[in-house]
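Structure first, then comments.
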Amino acid sequence: MTSIKKHMENMKDDVKEGMQKVGHSIKNTAKDLKHEAKGVINNLESKKDEIVDEYREDEYHRKLKKDIDKELKDEGFRGNSFK
């Protein structure tokens, strides 16, 4: 009986050790995924900032063109020629 008991204890220790390894693997995988997710979020925020800057620049150019066209119209100019 002692040999069976010893074998059972060894199996119990092996299962415990295996579960600890699985736990460490899961923990490390979760840390890796968290790190990757933070990288993705930072990348998206950077892209968002770029897009907002491009939009503001385009909006500025549209307003500038509109103001120039209005000023030219108010001054009596047509296109690039005088009236």
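The values are calculated or read from the model by the stated rules, or taken from the named source; none is laboratory data. The model shown is predicted, which means the values in this text are computed figures rather than measured ones. For the accessible areas, the whole protein counts, side chains as well, though only heavy atoms, and no ligand, DNA or RNA atoms are used. Shrake-Rupley method; radii C 1.70, N 1.55, O 1.52, S 1.80 Å.
How large, in percent, is the carbon and sulfur part of the accessible surface of the chain at a probe radius of 1.4 Å?
In the chain, the share of accessible area belonging to carbon and sulfur is 57 percent.
Please work out how much accessible surface Glu9 shows to a 1.4 Å probe, ignoring ligands, DNA and RNA, in Å² rounded to 10.
Answer for Glu9: close to 90 Å² accessible.
Quick check on the chain: helices-only [θ] at 222 nm, where DSSP H runs of length 4 and up contribute -39,500 (n - 2.57) each and the sum goes over total residues. Nearest 500, please.
Value at 222 nm, helices only, nearest 500: -33500 deg cm²/dmol.
Compute the length gained on full extension between Gln20 and Lys66: take 0.36 nm times their separation in residues and subtract their Cα-Cα distance, giving the result in nm to one decimal.
9.7 nm
Please work out the average accessible area per residue across the chain, using the 1.4 Å probe convention, and give it in Å².
Computed with neighbouring chains in place, this is 101 Å² per residue.
What full-extension length gain, to one decimal in nm, is calculated for Thr2 and His35 as 0.36 nm per residue of separation minus the Cα-Cα distance?
Once the chain is fully extended between Thr2 and His35, it gains 7.0 nm.
How big is the shadow of the Cα convex hull of the chain, averaged over all directions, in nm²?
7.4 nm²
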